[in-house]
Amino acid sequence: MPWSAGLGGPAGPDRTAGSDGSDGSAESSRTAQSDRTAESDRTADSRRFADSGRSTDSAGVPLDGTPVRDRAEGLGSAVRRLGDTSAGRPVRAGGARRAGWRLGAVAALAVVLTAGAVVVGGLREEGRPSVAAAPPPPFAAPPDGLRAGDLDRGVAALRERVRAQPRDFASWAALGSAYVEQARTQADPTRYAEAERALDRALALRPGHDGALAGHGALAAARHDFPGALRYAERALAANPYSERALATRIDALVELGSYERALKAARDADARRPGIPVFTRYAYVRELRGDVGGARRVLERALVSARAPGDVAYVATALAQLAWRQGQYALAARRCAVALRADPSYVPALETRGRVRAAQGETGAAVADLRAAVARQPLPGTLVALGELYESQGKSARAREQYRLIQAWTRLARANGVNPDLDTALAAVDHGDAKAALAAARAEWERRRTVHTADALGWALHAVGRDEEALRYARRATATGFREASFFYHRGVIELRAGAPTAGRRWLERALGLNSGFSPVGSRDAGRLLEGLR
């Protein structure tokens, strides 16, 4: 799996869509977002984890009050237990824990603001996006403007609200969206079942409620059900054309379905309706997918100027760092990571990105430290592969294999909670697992969504089983939009060589290393060796 798959790959649990918790209505949406809108006005040039048997109280609120941070620290151990086969006992993934109109919205907003936490209509995510998620294209999720403690207090406040007012549909919608945010920020898919129950409760109380529909869209995107995410987003927008969460989810879904032209149109539409950081970052990613790196950078730089909350600064600065890293601009990427980590020292995507930058610069010890810290907080496939390949490049094969085994554990955990992890499985398994299983997963994902990332994964999986002529068609499709991704160039170069085109193969390998010579400790090394052999 190319290292870069964790930066700029498809959206995952760390890259869910939406920043708009529960709009409640167009009015509550405008109220909850007024401060950010004011900031946007000053920068107008920028426009354009849940056990099914978990006990609940009389209101249907889960009684598990585990703080978010404690759950996060326990998640890495849970993934490791799932991945531990040393006892010779089969692992059962199902054994893991599973997971009026204006007045309701205003009351919910007041309750949460009093807690100093999440606001109805104003939940923020890293998206991204990644949101690991991702995610996550890096811009495919909105910024995480809340620290984990704030989110924890916000969830607690919303839970108390729905206990006291079990028919408050706006608070149920906000709670559901907050659970999606917890799943994303803690890489904990077991929260999705709770999110679904809360959002369903909101719709049962108020059918057609735009906040609940938008929350369902974000949940579907987090589970990689992108057609479902698009349907929910469209329904939410029919009820409230200014729902920021729905506008963002619509862009994410179209990107992840490979409908790039429609995604660009949706980004422009969202920019006209609700300009702000969640839209700016998506707009930038759509432009990057089309090869417009300069345009993407300009949009992100303007978004950074407009960012005020520490979470927004950390998110946008990290997006800029990832963009620079993909272009091989390591010094610039390091400076952007420093900005992000000054704003929020606990921001995992910035920590992970800094680890990748340090690895590319030859600072292996520091890179390992950063990636280990990121994995401890969010044990997602992309980060696990990154750390595993770094160990592999150091000759620490046993430590590398441990990281790759944990990917399988994460996959079982994700499937047990309704997440489709086929693309993650394919990318990891091609290089660090079962190539035939990788091919099956990549084919299944290609039937669902035809993006440059699924084309790259399918082409690389076909190559791994020796079907290079067929693989070449997909490798060419992965590089057809102008998206500047060194791992795609590397894969195409290898496939061209194996398909009998040494000149083309050499050219693509040179492009990969010329763009980002440190795109992967293993991939970069192998690309260099191949070029030496050709010379």
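The values are calculated or read from the model by the stated rules, or taken from the named source; none is laboratory data. No experiment lies behind these values; they were computed from the predicted model shown. In this analysis, Cβ positions are derived from the backbone assuming ideal geometry, glycine residues included, and neighbour counts consider all displayed protein chains. Note: accessible area is taken over every heavy atom of the protein model, side chains too, but ligands, DNA and RNA are not part of it. Shrake-Rupley method; radii C 1.70, N 1.55, O 1.52, S 1.80 Å.
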Task: Calculated FRET value between Leu531 and Arg401, using beta carbons and R₀ = 22 Å, to 0.05 - done: 0.20
Task: Where the Cα pairs of segment 269-377 fall when distances are cut into 10 Å bins, in % - done: 17, 44, 31, 8, 1
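Ignoring ligands, DNA and RNA, what percent of the 1.4 Å accessible area of segment 489-529 is carbon and sulfur?
46
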Task: Largest to smallest principal axis extent of the C-alpha atoms in segment 327-366, angstrom - done: 25, 20, 12
Task: Sequence ranges 411-420, 181-190, ranked by mean other-Cβ count within 10 angstrom, highest first - done: 181-190, 411-420
Task: Under the Karplus curve 6.51 cos²θ - 1.76 cosθ + 1.60, θ = phi - 60°, whole-Hz ³J(HN,Hα) for segment 417-429, x wherever Gly or Pro sits - done: 10, x, 8, 8, x, 4, 5, 4, 4, 5, 4, 6, 6
Task: Highest-first arrangement of 166-172, 152-158, 264-270, where packing means the average Cβ count within 10 Å - done: 166-172, 152-158, 264-270
- [ ] Please give the length that would be gained between Glu301 and Glu469 if that part of the chain were fully extended, namely 0.36 nm times their separation in residues minus their C-alpha to C-alpha distance (nm, one decimal).
- [x] 56.3 nm
- [ ] Give the accessible surface of segment 440-535 per residue, rounded to a whole number of Å², with probe radius 1.4 Å and ligands, DNA and RNA excluded.
- [x] 40
TODO: Using a Förster distance of 30 angstrom, determine the FRET efficiency expected from the C-beta separation of Arg235 and Ala480, and round it to 0.05.
DONE: 0.40
Task: Dimensions in Å of segment 450-535 - Rg and Dmax from alpha carbons - done: 11.5, 36
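State the volume of the convex hull built on the alpha-carbon positions of segment 363-406, expressed per residue in Å³ and rounded to an integer.
Output value, Cα hull per residue: 54 Å³.
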TODO: Determine ³J(HN,Hα), in whole Hz, for all residues of segment 245-262 in sequence, where each value follows from phi through the Karplus function 6.51 cos²θ - 1.76 cosθ + 1.60 and θ = phi - 60°; x replaces Gly and Pro.
DONE: 4, 5, 4, 5, 5, 4, 4, 4, 4, 5, 4, 6, 9, x, 8, 5, 5, 5
- [ ] Order the peptides 333-344, 313-324 from the highest to the lowest mean number of other Cβ atoms within 10 Å of their residues.
- [x] 313-324, 333-344
Open item on the list: Run the numbers for Ala444 and Asp200: contour at 0.36 nm per residue of separation, minus the present Cα-Cα distance, in nm.
Closed with: 85.0 nm
